[in-house]
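Nothing in this text is a laboratory measurement; each read-out follows from the coordinates by a stated rule. Just so it is clear, the model here is predicted, and its values are computed rather than measured. Note that each Cβ is placed from the backbone with ideal geometry, even for glycine, and that neighbours are counted across all protein chains shown.
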Amino acid sequence: MSAIVAIVGRPNVGKSTFFNRLIQRREAIVDAVSGVTRDRHYGKSDWNGKEFSLIDTGGYVLGSEDVFEKEIDTQVELAIEEADAIIFMVDVETGVTGMDEDVSKLLRKVNKPVFLAINKVDNAQRAADAVEFYALGLGEYYTLSSINGSGTGELLDALVEVLPDVEEVVEDLPRFAVVGRPNAGKSSFINALIGEERYIVTDIAGTTRDSIDTRYNRFGFEFNLVDTAGIRRKAKVREDLEFYSVMRSVRAIEHCDVCLLVLDATRGFDGQVSNIFWLAHRNNKGVVILVNKWDLVEDKETNTMKQYTQKIKEAIEPFTDVPIIFISVLTKQRIFKAIETSIQVYENRSKKVVTRKLNDVMLPIIQNNMPPAYKGKYVKIKFCTQLPTPYPQFAFFCNLPQYIRDPYKRFLENKLRDNFDFTGVPVTIFMRKK
């Protein structure tokens, strides 16, 4: 588990560039035109051994200043509600603006750590200009440059100091989080499983207001189910269903063993569902994809299910070893198969492979498929073992670990999956010096 850190501020101050730098991926689109970030981005980062989930809350300009400011207020308020710490980013080039002042007014009212990050400070003159941001009333600030990384270390040092210490708690019972977009049928799925109308279900997206654990003990299975649709909001917070549903899912994913990702068959595997899927993957959680409302799909033919499955696998490459089950909560079609599969994924996630057996299987495969030479160097893998972690991680010991490329790591991962069945579970491979 890890804490949640939200990056807030008006558009075009460099939030997405900073976000990309921290997650070490070019995931958020960056452009000089304001309002490029429309979908919210979610990622994992770590600093000094402490992991945290990162949320890029870019503003979206619809056209008028009034709508613009309304959108910014909504994003900031929602981020404040769920985040453990907030990075408020401003731009030294433009100085203090009216929108910066609006955001700072909101931040001064909250009892959470707020870090004022002044971006685009890449010379001494700009460092001197940063003094004017004391006017925002947020105290000390941190000067940095998102594009070249200068100054980010000081900010992150201070950030991780205030983040709560959280560890992965191994409970007696598995925890299955039912996650997905609003109105995908998550609450109905739990009601169908437990056989009672415990959760309110309507056609209005966002009916579920909070996360509640449900103990399931039937047909030889026992585990905790968590319904995470929720819009748990204060009366003054305006609703942004898409943003809030994912923020609630972040919390649920951090605390679960397996994610049951419910999607609406009539809407498909869209960007928001993809966000939640990759968040579960980066947190090393088991994943089962449940395609709900299959009974509403019209003109089904023999190959419809196969084609739908193929589209989802193309969207989640290269992590395609994930169970995909087509269900209908209304007719209870395959809902118990979904639970059986989730239990199997949970067992796969906690599976331990004996070192001797692992080497007996993998070393002959490696001998027949040696890593390709790199810069004239030949890599020889001598030994492998599974690390003592709550999820599958393997260390391969060799003479030149720095010359092992990602394609060969994926080859090793696929062979592990073929021989030891890690379906539905992310597998991490480390190359170590022998």
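Things to note:
- Note on K415: lysines with a C-alpha under 18 Å away, same-chain residues under 8 apart excluded, are K351, K352, K357, K380, K382.
- The convex hull around the C-alpha trace of region 340-434, projected and averaged over every direction, spans 5.9 square nanometres.
- Fraction of the pair-distance distribution of region 279-411 above 20 Å, Cα-Cα pairs, percent: 62
- Within the same chain, lysines fewer than 8 places from K377 are excluded, and of the rest, those with a Cα less than 19 Å from its Cα are K409, K433, K434.
- Packing, as the average of other Cβ atoms within 10 Å across residues, places the peptides 289-296, 120-127 in the order 289-296, 120-127, highest first.
- Region 92-177 gives an Rg/Rh value of 1.14, both radii derived from C-alpha positions and Rh following Kirkwood.
- Over region 291-346, relative contact order from alpha-carbon pairs under 8 Å, at least 6 apart, %: 41
- When the C-alpha to C-alpha distance is required to be over 32 Å, the pairs from K50/K337; K50/K105; K306/K375 that qualify are K50/K337; K306/K375.
- Here's the list of lysines a cross-link from K44 could span, going by alpha-carbon distance under 19 Å and ignoring same-chain residues fewer than 8 apart: K15, K285.
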